[in-house]
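Before any comments, here is the structure.
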Amino acid sequence: MALGLREVSELAGRVLDEVERAVVGKRTALELVLAGILADGHVLVEDFPGLAKTLIARSFAQVLSLDFARIQFTPDLMPSDVTGSSIFNQRSGDFEFRPGPVFTNLVLADEINRAPPKTQAALLEAMQERQVTTEGRTRTLGPPFLVLATQNPIEYEGTYPLPEAQLDRFLLRAAIGYPSRDDEWGMLARRLERRADELLLDPVVDRADLLAAQRAVEEVYLDESVGRYLVDLVAATRASPRVRVGASPRGTIALAKLARVHAVLAGRDFVTPDDVKAVAGPALGHRLVLRPELWAQRVRGDEVVAECLAQVPTPAAVEPGDEPAREVPGPGAEAPAASRQGGDRHAAPVRGGQAHGPGGDGPRRR
């Protein structure tokens with residue numbers, strides 16, 4: 001089954017409308033989570049207790065017709081509690097594998113930073129390779145496989161901060177935030193009207209539609225000028241004096257994937273610099289290792305990304321079939337040696353988050 005980008009945009013709108021029946025007034029946060037799902041990536045939600053983090057995961061699982069499992073991470077949680085283990089069957093006289101909760105479509109890793117590193121590492125292979133290896137045997141996780149992890153930013157006693165290697169596996173980090181006065185009253189009014197805590201949402205798409213939508217996102221056009229802007233932005237995080245370790249090339253690919261989905265949600269089949277700016281903070285902020293002295297100042301990675309956005313020059317938006325904007329040579333400047341004629345495109349589209357310039361040239365610095 002194939003879906004067009006317009007169909008994906010319409011389906012995404014219907015999904016968000018249905019989820020908003022349960023989560024009121026958080027359209028922007030819901031769009032970020034849905035962007036992570038459509039980009040086939042994992043999402044880290046970091047915010048205070050009681051802000052619907054678990055409800056968001058369960059609601060998307062219902063609306064997208066996905067199998068759902070919740071893992072409550074605790075200090076005594078073992079890796080086998082996540083991946084599964086072999087149990088001796090007395091009838092057959094042999095060991096048989098009992099799959100763990102990771103064998104599903106959407107996994108909610110609740111308060112992931114409360115489990116020790118050994119248990120957190122049990123998710124690494126599943127998140128990156130979409131497979132689980134136990135007792136010398138590798139078992140593949142069926143698509144789609146998505147992890148939505150949560151953590152509390154105010155309680156650090158008895159927790160184990162996620163290592164950079166695991167943070168880098170998350171496509172984006174999102175925050176929910178408190179609702180406005182009107183939205184909170186709207187939430188309360190709906191609860192009083194239905195006279196029950198639980199709200200059963202209607203499925204909007206099935207698993208096949210979701211996989212088709214993920215494939216369709218790969219057809220979104222990303223011009224070389226926007227791709228190089230994206231590369232320069234990631235490079236700026238590495239050059240920032242406030243950063244000890246900048247975003248990795250995995251962050252570059254993640255930013256491109258999220259920018260593509262953002263374009264689809266906006267009803268376009270091409271990426272603009274505004275799409276990159278809209279998702280740069282969630283895509284890159286958690287990947288930065290800031291200098292130690294900034295911890296006392298409570299500086300976040302998103303703030304450093306915002307500074308980089310202000311520093312990197314923004315190119316003009318280019319639609320498929322359009323000529324990208326050129327800089328006009330000043331007096332005495334040498335004109336470009338190569339000109340673009342006819343329908344030939346000097347800037348190749350970017351597919352899958354990788355930029356390919358003519359002749360295989362690498363990224364250039366601005």
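Figures for the structure shown
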quantity: Test: residue in the stretch 122-139 that is at pLDDT 90 or above, of a type in the set (A, V, I, L, M) and over 19 Å from the mean Cα position of the chain (by Cα); calculated: yes
quantity: Which numbered condition residue 35 misses (of (1) out of contact with any His (no Cβ under 7 Å at 6 or more places or on another chain); (2) over 25 Å from residue 190 (Cα atoms)); calculated: (1)
quantity: Single residue of the stretch 181-193 satisfying the filter (surrounded by 12 or more Cβ atoms within 10 Å (Cβ to Cβ) and not hydrophobic (A, V, I, L, M, F, W, C)) that is farthest from residue 278 (Cα to Cα); calculated: 191
quantity: Condition check for residue 239: closer than 16 Å to residue 289 by Cβ and in contact with a Ser or Thr (Cβ under 7 Å, 6 or more places away or on another chain); calculated: no
quantity: Helices (runs of 4 or more DSSP H) within the stretch 1-97 that include 1 or more residues under 20 Å from the mean Cα position of the chain (by Cα); calculated: 5-19, 27-38, 53-63
quantity: Residue count, the stretch 105-123 (criterion: assigned to a loop (DSSP other than H, G, I, E, B) and farther than 15 Å from residue 141 by Cβ); calculated: 3
quantity: Residue under evaluation residue 65, criteria (1) touching a strand residue (DSSP E or B) at 6+ places or on another chain (Cβ under 8 Å); (2) within 29 Å of residue 208 (Cα to Cα); (3) polar (S, T, N, Q), criterion not met; calculated: (1)
quantity: Lone qualifier among 256, 236 - being buried (at least 18 other Cβ atoms within 10 Å of the Cβ), closer than 19 Å to residue 317 by Cα and in contact (Cβ under 8 Å) with a residue 40 or more places away in the chain; calculated: 256
quantity: Which listed residue, of 226, 305, 289, is out of contact with any Leu (no Cβ under 8 Å at 6 or more places or on another chain), among the β-branched types (Val, Ile, Thr) and closer than 15 Å to residue 173 by Cα; calculated: 289
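The values are calculated or read from the model by the stated rules, or taken from the named source; none is laboratory data. Because the structure is a prediction, the values reported are computed rather than measured. Quick reminder, even Gly has a Cβ in these numbers, built from the backbone with ideal geometry, and neighbours come from all protein chains shown.
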